[in-house]
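Taking it in order: structure first as structure tokens, then the write-up.
The values are calculated or read from the model by the stated rules, or taken from the named source; none is laboratory data. Treat the numbers as computed from the prediction; the structure is a model and nothing was measured. Here the Cβ is made from the backbone with ideal geometry for all residues, glycine too, and neighbour counts use every protein chain on show. Keep in mind that these areas ignore ligands, DNA and RNA; they rest on the heavy atoms of the full protein, side chains included. Shrake-Rupley method; radii C 1.70, N 1.55, O 1.52, S 1.80 Å.
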Amino acid sequence: MPKVVVTGLGFICPIGNDQHTVVENLRAMRHGLSRYARFDDPGIPVRVAGLVKDFEVESTDPEDWKFPAAYKLRRETLRGFAPHVLYGHCALTQAVADAKLAPDDISNTDTGLFTASAGSAMMLHHNIARMKSHGVMKCSPMGIVSSVVGTLSYNLVASFKILGSSCGFASACASSGHALGFAWEEVASGRQKRMFVVGGEDGNLETILPFAGMRALSVNTDPDSASRPFDTARDGFVGSGGACAMVIEADDVAARRGAPVYCEMPGWGMASDGYNVAISHPDGSGLAHAMRVALRRSGMIPGEVDYINAHATSTPIGDTSEIRALKTVFGTTHPDPPAISSTKALTGHGLSLASILEANICAAAIKHGFMPGSAHIQNLDPEAAGLKIIRETVNERPHVAMSNSSGFGGANVALVFKSSGI
């Protein structure tokens with residue numbers, strides 16, 4: 001069975017639109033959260049979001065959008081896009097260049113693409129409203145392909161001329177974790193030599209605000225403290241958007257073309273809570289099992305993990321559940337416990353985007369030799385006693401990193417990365 005290695009990363013997210021900027025902001029623990037003008041309404045209880053910079057995509061007409069000139073897209077291609085598809089196209093363009101792939105490396109039956117998104121609520125609402133007010137024949141012929149859950153997948157498959165495996169995943173906040181995990185299966189099994197994984201969300205009012213009805217969003221109006229995983233005063237997550245991409249390959253394929261290698265991905269795990277449609281199991285039992293499966297499939301033990309990028313979104317229930325899961329798997333008495341942080345304090349919670357963004361962060365952390373701190377903690381939750389929650393950046397290379405994700409219905413994913421050559 002071939003080893004699976006990471007050879008390319010792409011970032012469009014609230015803390016930067018390229019790897020260099022993202023890494024610098026992670027090291028400095030600079031967040032990308034701000035007041036969102038569309039939330040400035042007396043009837044809206046939240047004010048803060050993680051917005052993508054240098055893109056103007058609030059219009060429902062893609063021809064009105066503005067984005068960095070480096071990305072060349074034809075009008076007929078844009079017409080089928082939602083905002084997160086544009087983000088995803090740009091992120092995948094970055095990852096392909098980062099992996100030093102030629103056109104023939106991309107469009108062949110040995111290269112596939114798995115994606116994750118919830119579709120575009122903005123575009124779907126616009127098209128349904130227009131159908132009702134003007135009649136179905138007055139709707140855009142591209143209304144379906146720009147709005148439903150599969151839009152990220154089939155737009156990128158067409159744009160990048162993908163000929164190998166392709167599929168879209170929708171498991172809420174674990175979506176891109178599942179996409180990456182099953183992409184790993186494609187490469188590890190030999191069914192594909194290379195896989196692209198892209199996760200994205202619009203990250204606008206229509207995507208984020210419905211979570212206020214669940215009482216899941218922070219009502220803190222200060223961007224400097226609204227997202228504070230593991231803090232006693234956390235009161236909900238801060239929604240965000242963007243897209244990230246990762247290229248994974250069989251190690252022998254990467255070696256033959258002299259590709260840059262960030263790290264190895266030795267395995268992953270998933271498990272379900274079987275508890276509640278919306279909230280995590282109080283004891284984190286499903287996530288604990290997913291982590292154990294990930295370690296077992298990676299041929300590793302808990303004591304070998306140096307860094308964990310926690311799912312922790314800054315909700316009272318979710319963070320506590322994960323703390324308990326971490327204690328179950330890693331204990332509280334190990335002499336050299338793993339460092340733990342939640343980078344959602346900086347990026348906000350990107351929903352379907354979250355897993356691949358945080359997997360990218362783990363890969364970048366291994367390459368660049370640091371572990372990002374968990375920002376905005378003033379009073380650490382007593383539940384976390386015994387865990388090594390790092391509150392400042394640690395300038396040491398993690399040789400083994402784990403990234404956790406949990407979604408609605410108790411869907412849990414754990415992904416493992418390690419320095420190549422260990």
All positions within segment 71-82 that are over 19 Å from Asp202 (Cβ atoms) and either modelled with pLDDT of 95 or more or in a helix (DSSP H, G or I) (or both) | Arg75, Glu76
The lone condition Ser166 fails out of (1) open to solvent by 40 Å² or more (accessible area, probe 1.4 Å); (2) modelled with pLDDT under 95 is (2)
Within segment 1-47, how many residues turn out to be at pLDDT 95 or above and within 26 Å of Cys362 (Cα to Cα)?
-> 32
Pull up segment 171-198, narrow it to residues that are polar (S, T, N, Q) and buried (at least 20 other Cβ atoms within 10 Å of the Cβ), then point me to the one that is nearest to the chain's Cα centre (by Cα).
-> Ser176
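Working only within segment 138-155, note down all residues that are part of a helix (DSSP H, G or I), in contact with a helix residue (DSSP H, G or I) (Cβ under 9 Å, 6 or more places away or on another chain) and open to solvent by 10 Å² or more (accessible area, probe 1.4 Å).
As a first pass, look at segment 138-155 and keep what is part of a helix (DSSP H, G or I): 138, 151-155.
So of that shortlist, the ones also in contact with a helix residue (DSSP H, G or I) (Cβ under 9 Å, 6 or more places away or on another chain) come out as 138, 151-152, 155.
Correct list: Lys138, Asn155.
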Residue count, segment 100-136, condition open to solvent by 80 Å² or more (accessible area, probe 1.4 Å), among the β-branched types (Val, Ile, Thr) and either in contact (Cβ under 8 Å) with a residue 24 or more places away in the chain or under 22 Å from Ala254 (Cβ atoms) (or both), comes to 1
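Would you point out the residue of segment 15-70, among those that are among the aromatic types (Phe, Trp, Tyr) and open to solvent by less than 40 Å² (accessible area, probe 1.4 Å), that is nearest to Arg228 (Cα to Cα)?
Looking at residues that are among the aromatic types (Phe, Trp, Tyr) and open to solvent by less than 40 Å² (accessible area, probe 1.4 Å), I get Tyr36.
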Kindly provide the set of residues from segment 373-401 that are closer than 21 Å to Thr332 by Cα, open to solvent by less than 30 Å² (accessible area, probe 1.4 Å) and assigned to a loop (DSSP other than H, G, I, E, B), ordered by number.
-> Gly373, Ser374, Ile377, Asp381, Leu387, Ile390, Pro398
Which ones in segment 95-111 are touching a Pro at 6+ places or on another chain (Cβ under 9 Å) and assigned to a helix (DSSP H, G or I)?
-> Asp98
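Could you please let me know if Lys3 is touching a helix residue (DSSP H, G or I) at 6+ places or on another chain (Cβ under 7 Å), farther than 28 Å from Ser314 by Cα and open to solvent by 10 Å² or more (accessible area, probe 1.4 Å)? Talk me through it step by step, then tell me what you get.
Numbers: touching a helix residue (DSSP H, G or I) at 6+ places or on another chain (Cβ under 7 Å): yes; farther than 28 Å from Ser314 by Cα: yes; open to solvent by 10 Å² or more (accessible area, probe 1.4 Å): yes.
So Lys3 fits the description; yes.
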All-but-one check, Val85 against (1) out of contact with any helix residue (DSSP H, G or I) (no Cβ under 6 Å at 6 or more places or on another chain); (2) among the β-branched types (Val, Ile, Thr); (3) part of a helix (DSSP H, G or I), failing number (1)
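Of everything in segment 218-243 that's hydroxyl-bearing (Ser, Thr, Tyr) and open to solvent by 10 Å² or more (accessible area, probe 1.4 Å), which residue is farthest from Arg47 (Cα to Cα)?
Of the residues in segment 218-243, the ones hydroxyl-bearing (Ser, Thr, Tyr) are 218, 221, 225, 227, 232, 240.
Still in the running and open to solvent by 10 Å² or more (accessible area, probe 1.4 Å): 221, 225, 232.
Details: Thr221: 5, Ser225: 12, Thr232: 21 Å.
Restricting to residues being hydroxyl-bearing (Ser, Thr, Tyr) and open to solvent by 10 Å² or more (accessible area, probe 1.4 Å), the top hit is Thr232.
Check whether at least one residue in segment 290-298 is open to solvent by less than 40 Å² (accessible area, probe 1.4 Å) and either acidic (Asp, Glu) or on the phi > 0 side of the Ramachandran plot (or both), and report yes or no. Show your work before the answer.
So the first thing to find is which residues in segment 290-298 are open to solvent by less than 40 Å² (accessible area, probe 1.4 Å), and the list is 290-291, 293-295, 298.
Narrowing further to those that are either acidic (Asp, Glu) or on the phi > 0 side of the Ramachandran plot (or both): none.
No, segment 290-298 has no match at all.
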Mind listing whichever residues of segment 350-372 are over 14 Å from the mean Cα position of the chain (by Cα), assigned to a helix (DSSP H, G or I), buried (at least 24 other Cβ atoms within 10 Å of the Cβ) and not small (Gly, Ala, Ser)?
-> Ile366
Hey, can you tell me all the residues within segment 47-75 that are in contact with a strand residue (DSSP E or B) (Cβ under 9 Å, 6 or more places away or on another chain) and among the aliphatic types (A, V, I, L, M)?
-> Val48, Ala49, Leu51, Val52, Val57
Kindly indicate whether any position in segment 76-99 is out of contact with any strand residue (DSSP E or B) (no Cβ under 9 Å at 6 or more places or on another chain) and loosely packed, with under 15 Cβ neighbours inside 10 Å.
-> yes
Hits in segment 322-343 (condition: not in a loop (DSSP other than H, G, I, E, B) and not aliphatic (A, V, I, L, M)) = Glu322, Arg324, Lys327, Thr328, Phe330, Ser341
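Being open to solvent by 20 Å² or more (accessible area, probe 1.4 Å), under 17 Å from Tyr87 (Cβ atoms) and of a type in the set (Asp, Glu) is true for just one of Glu201, Glu206. Which residue is that?
Values: Glu201 fails: open to solvent by 20 Å² or more (accessible area, probe 1.4 Å).
On inspection, the qualifying residue turns out to be Glu206.
If you take the residues of segment 316-349 that are among the hydroxyl-bearing types (Ser, Thr, Tyr) and either over 18 Å from Ile279 (Cα atoms) or in contact with a strand residue (DSSP E or B) (Cβ under 6 Å, 6 or more places away or on another chain) (or both), which of them is most open to solvent (accessible area, probe 1.4 Å)? Talk me through it step by step, then tell me what you get.
Of segment 316-349, the ones among the hydroxyl-bearing types (Ser, Thr, Tyr) are 320-321, 328, 332-333, 341-343, 347.
Adding the requirement that they be either over 18 Å from Ile279 (Cα atoms) or in contact with a strand residue (DSSP E or B) (Cβ under 6 Å, 6 or more places away or on another chain) (or both) leaves 328, 332-333, 341-343, 347.
Numbers: Thr328: 73, Thr332: 70, Thr333: 127, Ser341: 0, Ser342: 1, Thr343: 1, Thr347: 1 Å².
Looking at the filtered set, the residue picked out is Thr333.
When you go through Gly143, Gly168, Gly164 one by one, which is the residue that is more than 19 Å from the chain's Cα centre (by Cα) and under 24 Å from Ala250 (Cα atoms)?
Values: Gly143 fails: under 24 Å from Ala250 (Cα atoms); Gly168 fails: more than 19 Å from the chain's Cα centre (by Cα).
Unique residue meeting the criteria: Gly164.
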